Amino acid sequence: MKKEFFIFIMIIVVLTIVFHYKELLEYPIQHVKNFPNSGTYGLGIFHPLVFGAFVYIMLLIPRAIFKLLKGNSHEENIK
């Protein structure tokens with residue numbers, strides 16, 4: 001559970017750096033102060049969580065498939 005939470009937080013941090021690098025380099029304090037007033041697609045202050053969850057799910061699908069395939073091959077080696 002802690003590992004998945006860490007992955008989710010890292011996704012949010014990476015997305016923030018990728019999409020807001022200009023704001024973070026030029027005026028980071030002002031950008032953070034304006035965060036509660038953000039109006040991204042009507043999501044407001046929750047837009048990092050929504051976009052982070054979307055990317056997390058998109059990454060979770062291949063990870064789950066890989067884990068299933070890895071688990072099946074491990075079971076075949078035991079027999």
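The Cα-based radius of gyration of the stretch 23-62, divided by its Kirkwood radius, gives an Rg/Rh of 1.12.
Which value, in debye to the nearest 20, gives the size of the charge dipole of the chain about its Cα centre, when Lys and Arg are +1 and Asp and Glu are -1 at the Cβ? With only Lys, Arg, Asp and Glu charged at Cβ, the dipole is about 200 debye. Contact order for the chain, expressed relative to its length and based on alpha carbon pairs under 8 Å spaced 6+ residues apart, stands at 30 percent.
Report the one residue of 65, 45, 20 whose Cα lies farthest in the direction of the positive end of the charge dipole of the chain (charges on C-beta: Lys and Arg +1, Asp and Glu -1; origin at the Cα centre). With unit charges placed on the Cβ atoms, the residue in question is 65.
Within a straight-line Cα-Cα reach of under 19 Å, residue 22 can be paired with the following lysines, leaving aside sequence neighbours fewer than 8 residues apart in one chain: 33. Of (1) 13.6, 45; (2) 18.0, 61; (3) 11.5, 36, which is the value of Rg and Dmax of the Cα atoms in Å derived from the coordinates here? Identified label for the calculated read-out: (2). Here the stretch 48-62 is scanned for amide nitrogen atoms under 20 Å from the site 7 Å beyond the Cα of residue 19 along Cα-to-Cβ, giving 48-61.
None of the figures in this text is laboratory data; all of them are computed from the coordinates on show. Owing to the predicted nature of the structure, the values given are computational and were not obtained by experimental measurement. In this analysis, Cβ positions are derived from the backbone assuming ideal geometry, glycine residues included, and neighbour counts consider all displayed protein chains.
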